[in-house]
1. Is region 122-132 home to any residue that is in a loop (DSSP other than H, G, I, E, B) and within 30 Å of S10 (Cα to Cα)?
2. Just to be sure I understand, how many residues within region 13-61 are buried (at least 18 other Cβ atoms within 10 Å of the Cβ), charged (D, E, K, R) and without any contact (Cβ under 8 Å) to a residue 60 or more places away in the chain?
3. Can you work out which of the residues in region 197-228 that are touching a Cys at 6+ places or on another chain (Cβ under 9 Å) and among the polar types (S, T, N, Q) is nearest to Q62 (Cα to Cα)?
4. Could you check region 130-150 and list, in sequence order, the residues that are among the small types (G, A, S) and within 14 Å of R105 (Cα to Cα)?
5. Pairs under 6 Å by beta carbon, first residue outside any loop (DSSP other than H, G, I, E, B) in region 179-193, partner charged (D, E, K, R), six or more apart or different chains?
6. Would you please name the residue that is nearest to M158 (Cα to Cα), looking only at residues in region 77-96 that are part of a helix (DSSP H, G or I) and among the small types (G, A, S)?
7. Kindly check whether there is at least one residue in region 195-202 that is surrounded by 15 or more Cβ atoms within 10 Å (Cβ to Cβ) and not in a helix (DSSP H, G or I).
8. Evaluate the following for K243: is it surrounded by fewer than 22 Cβ atoms within 10 Å (Cβ to Cβ), in contact (Cβ under 8 Å) with a residue 12 or more places away in the chain, of a type in the set (D, E, K, R) and in contact with a strand residue (DSSP E or B) (Cβ under 9 Å, 6 or more places away or on another chain)?
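The values are calculated or read from the model by the stated rules, or taken from the named source; none is laboratory data. Please read these numbers as outputs of a predicted model, since none were measured by experiment. Please note: Cβ atoms are built from the backbone with ideal geometry, for glycine as well, and neighbour counts cover all protein chains shown.
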Amino acid sequence: MYTNPADPSSRPGVTVPDLRRMKTAGERIASLTAYDASFARAMDAAGIDAVLVGDSLGMVMQGGTNTVSVALEDMVYHSRCVAKGLRSALLIADMPFQTYASPERALDAATALLAEGLASMVKLEGAGFVLDAIEHLTTREIPVCAHLGLTPQSVLRMGGFKVQGRDAKAAQALLTQAKQVEAAGAQLLMLECVPSSLAAEITRSISIPTIGIGAGPECDGQILVSYDALGINTGHRRPRFVKDFLKGRDSIEAAFNAYVSEVKSGSFPQAEHGYA
């Protein structure tokens with residue numbers, strides 16, 4: 001899809017249907033988070049397929065202990081900034097805590113992220129009541145990325161950032177939820193901090209692409225928080241699934257190029273970056 005890495009302008013824009021075609025073709029999807037135009041521009045030039053404006057900005061940019069305090073206005077602002085730095089990568093924006101507590105609220109928030117934030121897809125965490133919101137959005141022409149496993153907006157209920165789906169009952173529940181979000185219309189699924197074997201099973205069991213973060217090497221694609229991928233100290237514990245791609249390299253651009261290359265080749269992540 002990226003025909004000339006030396007010339008970013010040669011790359012056609014990545015679309016939502018392209019992601020499914022990449023899964024079918026066995027082409028790994030490379031994704032990172034971004035919060036501003038400059039980083040977005042460097043990622044786009046490196047050949048990143050999808051850029052996520054994550055509510056992780058509440059932790060890595062705003063200094064919070066979780067993502068719960070991030071406002072919709074924050075997400076719209078940062079999404080619009082990132083959009084200005086992209087030419088080809090697909091732009092996905094997180095929907096903040098409680099903005100999809102009902103289908104009607106979800107539609108209002110998602111409309112703002114697409115119309116004002118210039119995103120091409122929104123991301124929602126969880127299943128259950130969230131399925132109604134996913135269906136409400138997708139039937140109204142708003143592409144949705146679902147998010148299962150460790151869902152950071154649920155950290156208060158979970159009691160911290162913990163691996164999900166380790167026992168048989170929890171694993172079966174996540175597999176069921178993955179099929180449910182697909183049936184509700186989601187066109188992409190992020191899996192965070194789940195055992196590698198479970199992520200592989202989910203990836204084989206659904207037709208939409210999976211993007212892993214701490215979910216092992218067999219997802220259809222990978223994502224990292226960009227600050228983690230650059231080894232920046234954000235004041236939070238470094239997860240085991242993180243790799244510092246800036247180490248040994250002389251520029252951020254080189255780090256992003258290395259990340260794309262390793263994701264595409266399948267050399268990242270390795271087994272040690274996942275969970276049993």
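1. Restricting attention to region 122-132, the residues satisfying the condition of being in a loop (DSSP other than H, G, I, E, B) are 126-129.
Filter once more, keeping what is within 30 Å of S10 (Cα to Cα): none.
No, region 122-132 has no match at all.
2. Looking only at that region, the number is 2.
3. Step by step, filter region 197-228, then rank; the result is T210.
4. Answer for region 130-150, where residues must be among the small types (G, A, S) and within 14 Å of R105 (Cα to Cα): just A133.
5. That search, which allows pairs on different chains as well, returns A184/E135.
6. Step by step, filter region 77-96, then rank; the result is S79.
7. Yes - at least one qualifying residue is present in region 195-202.
8. It is true that K243 is surrounded by fewer than 22 Cβ atoms within 10 Å (Cβ to Cβ), in contact (Cβ under 8 Å) with a residue 12 or more places away in the chain, of a type in the set (D, E, K, R) and in contact with a strand residue (DSSP E or B) (Cβ under 9 Å, 6 or more places away or on another chain).
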